[in-house]
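Single-structure report; data block below.
The values are calculated or read from the model by the stated rules, or taken from the named source; none is laboratory data. Worth saying up front: this structure is predicted, and the values here are computed from it rather than measured. Ideal geometry is used to build each Cβ from the backbone, glycine not excepted, and the neighbour counts take in all protein chains shown. Just so you know, the surface numbers come from the protein's heavy atoms only, side chains and all, with ligands and any DNA or RNA stripped out. Shrake-Rupley method; radii C 1.70, N 1.55, O 1.52, S 1.80 Å.
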Amino acid sequence: MVFLETGTSVVFGLLTASIIVLWLPQRFYQAGGIPLWIIFGTLSGALGLYYGIAAPGGILYLLMLAACCYLLNKRDLHAYLRALNGLAIVGLVAGLFLHMIPFFNNPLVFDNLHLSDQSSAYTKYWSFDKAAAGLILLAYFGAICRSGHDWKILARKSYIISAATIFLTLALALLLGYIKPDIKFTHAYFAWAWADLFFTCIPEEMLFRGFLQNHLASFSRRNAYQAGITVFVGILFGLAHAGGGLTYAALACVAGVGYGFAYQVTGKIESAILTHFLLNTAHFLLFTYPLAYQAAP
């Protein structure tokens, strides 16, 4: 079943708006001197408190993350303090991604949903904690496209890597029996796509590519080092998905390396986000989702 209540829609709608406005042209970026992402994010947090999706402790935790991100962006920060601050950001974000912080009550949206007779049951909570972390990382560290020219360069540089990543990951999943062909379209796609893009792909790509890969790669410009960091972060991405089982983690490693190379060749986070989202969309629409019924543990 799909549960998308009014409170959930409003809170996550405002959170989505706060992410989208980061792509607005600079002249539309602020209102009254305050960045629009902060305005929409604050409204989302306030209504999250009202609807019980977040507790005051959770909002304070997010403010602490934002303060660490702000400090890391200061160029006069000592190298040791930068390193410690960077580790603090990773730790704070990991706590939100792994839902270890007890101040959030993420709403259940998909409950034991079978998208087809061949698919295993699908249960999904919309993660306010993870999405808010992604917003903060994107606002402070997101290298994003600012013009149509940027988008053209991104498409030209990354389309082969993106297509190869999608094809290879899904082909391996088929060979391993993790998924089966299952072409379909259901009403649940729209709610799924909304959450997958804004509350999964953007936060995950900002942590692993926009923050970790970008900062680790800054220590050296040698091609071998850059490639090594991309593969290393891709493996970390796979390990972060180990809760889904060994096969899922292995497939996530393959996909993560592809996302990393798409980001490396463009320097823009959209290349990784869109590759991630398009792979997930192809999986959802063309194959058993989340996995083939007999492959379910």
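For segment 161-297, what does the accessible surface come to per residue with a 1.4 Å probe? Please give it in Å².
With the other protein chains kept in place, segment 161-297 gives 43 Å² per residue.
If each of residue 175 and residue 150 carries a label point 7 Å out from its Cα toward its Cβ, how far apart are those two points in nm?
Output for this residue pair reads 3.7 nm.
May I ask you to list the lysines whose Cα is less than 29 Å away from that of residue 184, ignoring any residue fewer than eight positions away on the same chain?
Excluding near neighbours in sequence, the set is 124, 130.
Can you give the relative contact order of segment 199-276 as a percent, counting alpha carbon pairs under 8 Å and 6+ residues apart?
After rounding, I find 31 percent.
Calculate the spin-label point distance for residue 99 paired with residue 79, positioning each point 7 Å from the Cα along the beta-carbon direction, and give it in nanometres.
Taking the two extended label points, one gets 4.1 nm.
Give the carbon-plus-sulfur fraction of the accessible surface of segment 138-297 in %, rounded to a whole number; probe 1.4 Å, heavy atoms of protein chains only.
70
Which of the DSSP-defined H helices in the chain satisfy a minimum axial length of 18 Å, computed from C-alpha atoms, and a minimum mean Kyte-Doolittle hydropathy of 0.0?
Helices meeting the span and hydropathy rule in the chain are 6-20, 36-50, 56-72, 79-97, 128-141, 148-175, 223-239, 246-266, 269-286.
Based on DSSP H runs of at least 4 residues, each adding -39500 (n - 2.57), what is the mean residue ellipticity at 222 nm of the chain after dividing by all its residues, to the nearest 500 deg cm²/dmol?
After summing the helix terms and dividing by the residues of the chain, the value is -20000 deg cm²/dmol.
Report the residue, chosen from 253, 201, 68, that carries the largest GNM mean-square fluctuation when the chain is represented by alpha-carbon nodes joined by springs under 10 Å.
In the Gaussian network model the winner is 68.
What nm value, rounded to one decimal, do you get for the distance between residue 46 and residue 232 when each label is placed 7 Å out toward the C-beta?
4.4
Taking the chain as a Gaussian network, where each spring joins two C-alpha atoms under 10 Å apart, which residue of 41, 148, 91 fluctuates the most?
148
Within straight cross-link reach of residue 180, meaning Cα distance under 16 Å, which aspartates and glutamates are found once same-chain residues fewer than 8 apart are removed?
Cross-link targets: 117.
Could you work out how much longer the chain between residue 189 and residue 221 gets when fully extended? Use 0.36 nm per residue separation minus the Cα distance between them, nm to one decimal.
Once the chain is fully extended between residue 189 and residue 221, it gains 7.4 nm.
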